[in-house]
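**Q** Can you keep this structure in mind? I'll have questions shortly.
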């Protein structure tokens, strides 16, 4: 062996590992680069698993191929990248003093010590296995790897009809989406709402409405007590605190945990999230050992605090930084925003930065606004609504986060918010962005510009608006106020809020009919999206009303009951 | 009249004017607000005209309605917003000393002087009418207003088959798109390429390929000499420096000019672009007169120079700032990025900031990169390609601009670039953005991240890449070099560069077969997108080759001839 070649050893061959290897090769053509992978698959798109299960991706090989169809197997890494790959090989222990890793070939049980100059830990994550009886029954899966994904797909293809998904997070909902037309889905979620770590409750409720509308049974705020099987060890039932649910198939999507055994046993520092702690160069507490991907924690760019946000995109970006640095570079990884996006039936759902609940927990002086808008010119065919919730720091006016959902183009606005948050933009700066406009793509004032302007109006004390949850709370508390609906008669006939204190006066008539309204009672206005709601607030104030507000999001984002019964005008 | 009410007078009722009026009303419930509009339509979406002409928007009223279908006519402004509107009324002259505007009712010819405390000029733009004979023939239109749009649509519906569009800019191409299935289209463009003010030439050529593929006849680098009519004054022919073209209908889409007569005659300062000069508060040289929309020039946020970029989106943002300020606020409009987006058949085309040609003209030390990529996970159904060209300042690494096109999701990446440019991001910062990833929406490394990383590799001297135009130039000059194609045999059989100096060695075989390549000749590598091209460059350099580069964009963005004839492997 050439003594002068730098030896780069990489543990883990799924995302961050191969990316680090490829980058290191490009930066250091002379290095000796080895990837050790426990499984038999390399460099596959784990995030594609739900779509493979749903059949949108026909063969699992597609998840492992390059865009031109070349499968990234060991021969590919060898021939194209001059990288050694040992699959079916487990890393057992790191000897930091001698700079070697003990590995075992899982087929032959042979072990040997691989030397390194720079070591990369890309050991990934493993699904949480809740400590409940019945986890080992046949028909219970956790989607830890492609083999399990294959088994789930096969089970559905072979007739499993009743599917219970344990966990109403991102993966659980993606599964409900891809299996929704093929099976009867029940989701059991411990928290009171789906996507509770991603969205504020009033938006989660809108997602729940879509799920229920598609026939998905939601069992919220309930824990699974046990999974029961038949006499042959096959699953038949999931027993929860809210009742029992028959199941031909159970998928546990209760999140993942970092795989840190190797790091912990080697004495590397772990962070407060339980994942490996790394600095901005992605170095562990041992400067010759780097770590990236699902096994490390990241710094949240808004809060500055460590977070555990396992994502394929982050793993890929980690890989490049590590590849640079093990080859002698000094690239940095500044952190994450906790960006996430998913599709649930016809609804696209995205979030980045901090939710309002998170921001409040962290002690920010928060202001937020919920703003529905068409995703492109309303007169252009195919225009669809989206709902944007912006969260900002009321003291500095800096943006803290965004949640966006709806059937329309959520994706674009989400990534604009990622860019804005990455650069520390204020809500005022967001409002000035010269965003693209043509009718097939957007509205003259993009929904984001519009949302930013609404939040500015609120921050400036011009718009007095409240969250729909607040309205609901006051309704339930029996508080005395007028709910003033200022939509058109046609809109009113189509759908209404079903509360006795609703008064209906179309905006165009408000100036002349305002005298019908009581000046001594609180008035909360709304319309379809609450833009006219704000207009009504300003009109009533100009007429001497002193206790007027509007609720955000209007009918379009109202998360509770609506009356859609036929009605004469 | 109440002496204490502030009188806000607004000239122009299409975009910036009504927006300023509505905002002023919200900020100052007591003001007396009047809009004077020469035409009969108010507050309509001028950018929607091509889609109305094409029939995607059925009725022109849809362009004037709010998203819930309320038409914004004078009664709407009166009843809802307490704003006076005088349509069919022309502003003739401004008396700055007495603070009045002389207006004429076009129906009655009555004139009067309207007083103001704050005046807003939103006089818009008018289409350029080239000084060529025949402009007044029946069947020749300039799309200056909705009436003309209606006439063009009617002409096509009544059988006009041969349509000549004069001008290959944004509006000309949108028209070709919407009329392409209904008529035979010829576009006559003075410059050598379509969209020449928006895109660099190698990208314009890709757009031209799409247009020609759809049967559009392109007459580039040619001027119209005259338009000829029949004996009855109806158009029959367009005569250009490149020949004559029969025409049932001619649409002149040669750009617009600001309407500044009123401002000029009042002695207000005009800028170097010929549009009204305003400061960051959108005040003209008279502090009581504001101006916005298509009649003013803007500051380009990257170059800092005045530009004339008439856009409905900009006009709307102007309107809000002006409305704030005439009501006593101090809001600012920082400037524009020259963002534009359009759809041409199946191709989406966007640009923001400076093109490479513009940046070079302005004296920047420019580096750029052209990067094709799938818009979402290549294994997800419906994934489509896009091509990103990033332009950066090589000295500061700050991003200067982006051009993005292709059938995939251009729109999202364009607006992310708008956000990045607005905030002064470097290419290194762009690469760190925590962009959203899930297979239905993006790739694990978003195309923008990937493009940013490629440009970083080039700036860092790792990737030696050249523009396809440069390759073409060297081919035409007969220079001696090897064009090394490193794609797979299947890709090679499908499509090839038709040049004798092409050598084909798949990347997987390059390490073993590199000895077949001459070490003393220049080698320019490519693949489908030139990612493998770069990989090949690093492999060859590690094997001792010293004169290797790759060309950007690969086959996917090659703007010249391709050989797609059947071929055996």
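The values are calculated or read from the model by the stated rules, or taken from the named source; none is laboratory data. No experiment lies behind these values; they were computed from the predicted model shown. Cβ: placed from backbone, ideal geometry, glycine included. Neighbour counts: every protein chain shown.
**Q** Return the residue satisfying two criteria in turn: it lies in the range B:175-197 and is more than 22 Å from residue B:224 (Cα to Cα) and in a loop (DSSP other than H, G, I, E, B), and of such residues it is farthest from the chain's Cα centre (by Cα).
**A** B:182
**Q** Could you list, in sequence order, the residues of the range B:279-307 that are within 18 Å of residue B:20 (Cβ to Cβ), assigned to a loop (DSSP other than H, G, I, E, B) and touching a residue at least 40 places away in the same chain (Cβ under 8 Å)?
**A** B:280, B:281, B:282, B:284, B:286, B:288, B:292
So that you can scan it fast, the table gives a plain yes or no per residue for (1) assigned to a helix (DSSP H, G or I); (2) within 14 Å of chain B (Cβ to nearest Cβ); (3) touching a helix residue (DSSP H, G or I) at 6+ places or on another chain (Cβ under 9 Å):
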| position | (1), (2), (3) |
| --- | --- |
| A:267 | no, no, no |
| A:318 | yes, yes, yes |
| A:324 | yes, yes, yes |
| A:330 | no, yes, yes |
| A:334 | no, yes, yes |
| A:342 | no, yes, yes |
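**Q** Looking at the range B:216-234, is at least one residue at pLDDT 95 or above, crowded, with 19+ Cβ neighbours inside 10 Å and part of a loop (DSSP other than H, G, I, E, B)?
**A** Yes, some residue in the range B:216-234 is at pLDDT 95 or above, crowded, with 19+ Cβ neighbours inside 10 Å and part of a loop (DSSP other than H, G, I, E, B).
**Q** Just to be sure, is residue A:132 touching a strand residue (DSSP E or B) at 6+ places or on another chain (Cβ under 7 Å), under 27 Å from residue A:260 (Cβ atoms) and crowded, with 19+ Cβ neighbours inside 10 Å?
**A** Answer is no for this residue.
**Q** Right, something else. Within the range A:458-490, take every residue that is under 11 Å from residue A:550 (Cβ atoms) and surrounded by fewer than 18 Cβ atoms within 10 Å (Cβ to Cβ) and give me the one that is nearest to the chain's Cα centre (by Cα).
**A** A:466
**Q** Kindly evaluate residue B:273 against the criterion of being part of a loop (DSSP other than H, G, I, E, B) and either within 11 Å of chain A (Cβ to nearest Cβ) or farther than 23 Å from residue B:144 by Cα (or both).
**A** no
**Q** Listed residues A:69, A:48, A:30; which is touching a helix residue (DSSP H, G or I) at 6+ places or on another chain (Cβ under 8 Å) and under 21 Å from residue A:341 (Cβ atoms)?
**A** Among A:69, A:48, A:30, only A:48 is touching a helix residue (DSSP H, G or I) at 6+ places or on another chain (Cβ under 8 Å) and under 21 Å from residue A:341 (Cβ atoms).
**Q** Let me ask something additional. Can you tell me which residues in the range A:106-125 are surrounded by 15 or more Cβ atoms within 10 Å (Cβ to Cβ) and assigned to a strand (DSSP E or B)?
**A** A:114, A:115, A:118, A:119, A:120, A:121, A:125
**Q** In this structure, does residue B:496 turn out to be more than 30 Å from residue B:399 (Cα to Cα), at the interface with chain A (Cβ under 9 Å from one of its Cβ atoms), at pLDDT 95 or above and under 37 Å from the mean Cα position of the chain (by Cα)?
**A** Taking the combined requirement at face value, the residue does not satisfy it.
**Q** Out of the residues in the range B:531-560 meeting the condition of being more than 12 Å from chain A (Cβ to nearest Cβ) and out of contact with any helix residue (DSSP H, G or I) (no Cβ under 8 Å at 6 or more places or on another chain), tell me which one is nearest to residue B:487 (Cα to Cα).
**A** Among them, the one singled out is B:533.
**Q** Tally up the residues in the range B:235-255 that are over 25 Å from residue B:193 (Cβ atoms) and outside any strand (DSSP E or B), please.
**A** 1
**Q** Let me ask another. Out of B:510, B:483, B:475, which single residue is outside any loop (DSSP other than H, G, I, E, B) and either in contact with a helix residue (DSSP H, G or I) (Cβ under 7 Å, 6 or more places away or on another chain) or without any contact (Cβ under 8 Å) to a residue 24 or more places away in the chain (or both)?
**A** Every option except B:510 fails the conditions.
**Q** For the range B:432-447, which positions are assigned to a helix (DSSP H, G or I) and more than 8 Å from chain A (Cβ to nearest Cβ)?
**A** Correct list: B:447 only.
**Q** Go through the range A:344-373 and give me each residue that's in a loop (DSSP other than H, G, I, E, B) and without any contact (Cβ under 8 Å) to a residue 24 or more places away in the chain.
**A** A:363
**Q** Could you please give the count of residues in the range A:390-405 that are over 16 Å from residue A:337 (Cα atoms) and crowded, with 24+ Cβ neighbours inside 10 Å?
**A** Counting residues in the range A:390-405 that are over 16 Å from residue A:337 (Cα atoms) and crowded, with 24+ Cβ neighbours inside 10 Å gives 1.
**Q** For residue B:453, which of the numbered conditions (1) out of contact with any strand residue (DSSP E or B) (no Cβ under 6 Å at 6 or more places or on another chain); (2) without any contact (Cβ under 8 Å) to a residue 24 or more places away in the chain; (3) not in a helix (DSSP H, G or I) fails to hold?
**A** (3)
**Q** Touching a strand residue (DSSP E or B) at 6+ places or on another chain (Cβ under 8 Å), more than 12 Å from chain A (Cβ to nearest Cβ), farther than 18 Å from residue B:443 by Cα and buried (at least 23 other Cβ atoms within 10 Å of the Cβ): which single residue out of B:427, B:366 fits that description?
**A** Only one candidate passes the filter, namely B:427.
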